[in-house]
Amino acid sequence: MSQNPRSASRSRNTSETDVSLTLNLDGSGESKIETGVPFFDHMLTLFSRHSLIDLELKVSGDVEVDYHHTVEDSGIVLGECLREALGDKQGIARYGHAYVPMDETLSRVVVDLSNRPWLEFRTPGDTPDAQNFPFSLVEEFFRALASNLRANMHVEVFYGRDGHHIAESTFKSLARALRVAVSRDPRVKGVPSTKETL
């Protein structure tokens with residue numbers, strides 16, 4: 001990945017996981033993802049492709065116990081890296097939203113890079129899991145990301161029947177919402193500083 005001012009690298013090592021992540025906000029959607037959780041790898045590859053954020057992620061985690069720590073810690077480090085790469089946020093669009101259909105599923109993600117972390121996550125009560133991935137972990141990933149990116153994030157699944165499609169729709173919606181929110185335009189006065197809460 002080429003170096004530029006909107007790149008970041010972070011590592012996080014705990015008793016459950018060892019996470020290393022590098023990203024480039026101004027990339028082309030290239031990725032190399034190795035989390036030990038194939039479905040999660042697939043979701044993050046799609047996130048990279050649709051956000052145009054270049055992403056390298058390697059995780060060694062306690063997947064023999066379950067996937068929770070791997071997913072949550074990946075969200076933490078991704079949020080930290082995104083916040084670092086955004087710097088003082090001068091000139092970014094700040095807000096972004098996207099609707100993404102996936103066959104029978106429709107989801108929406110709305111993002112405000114406001115320095116006020118909040119996740120509103122709304123799904124039908126009977127939302128199914130993907131075949132090898134509990135849907136509850138999708139929410140855990142979004143919560144860790146929103147908290148560490150310090151973003152206000154609203155996720156809503158309007159309807160859907162297939163757990164894979166539902167998860168994929170939310171990850172793609174997130175990617176496309178962030179693609180707008182982090183975009184730069186010299187005309188935008190937008191977010192003056194990460195030191196201020198807007």
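Does S147 satisfy being touching a residue at least 60 places away in the same chain (Cβ under 8 Å), outside any strand (DSSP E or B) and polar (S, T, N, Q)? Explain how you work it out, then say what you get.
Details: touching a residue at least 60 places away in the same chain (Cβ under 8 Å): yes; outside any strand (DSSP E or B): yes; polar (S, T, N, Q): yes.
Against the criterion (touching a residue at least 60 places away in the same chain (Cβ under 8 Å), outside any strand (DSSP E or B) and polar (S, T, N, Q)), S147 qualifies.
Yes or no: V59 assigned to a strand (DSSP E or B) and either buried (at least 16 other Cβ atoms within 10 Å of the Cβ) or in contact with a helix residue (DSSP H, G or I) (Cβ under 6 Å, 6 or more places away or on another chain) (or both)? Taking the combined requirement at face value, the residue satisfies it.
So which of D41, D26, D73, D103 is at pLDDT 95 or above, of a type in the set (D, E) and crowded, with 18+ Cβ neighbours inside 10 Å?
Result of the check over D41, D26, D73, D103: D73.
The residues of the stretch 62-82 that are part of a loop (DSSP other than H, G, I, E, B) and out of contact with any His (no Cβ under 9 Å at 6 or more places or on another chain), listed by number, are E64, V65, D66, Y67.
The conditions of being over 15 Å from the mean Cα position of the chain (by Cα), of a type outside the set (D, E, K, R) and at negative phi are not met by M153. Could you list, in sequence order, all residues of the stretch 92-124 that are without any contact (Cβ under 8 Å) to a residue 40 or more places away in the chain, in a loop (DSSP other than H, G, I, E, B) and within 19 Å of H164 (Cβ to Cβ)? Result: P124, single match. Looking across the stretch 156-185, the residues that are modelled with pLDDT of 95 or more, under 21 Å from E30 (Cα atoms) and over 13 Å from the mean Cα position of the chain (by Cα) come down to V180, S183.
The values are calculated or read from the model by the stated rules, or taken from the named source; none is laboratory data. Fair warning: this is a prediction, and the values are worked out from it, not measured in the lab. As a convention, Cβ positions derive from the backbone with ideal geometry for all residues, glycine included, and neighbour counts pool all protein chains shown.
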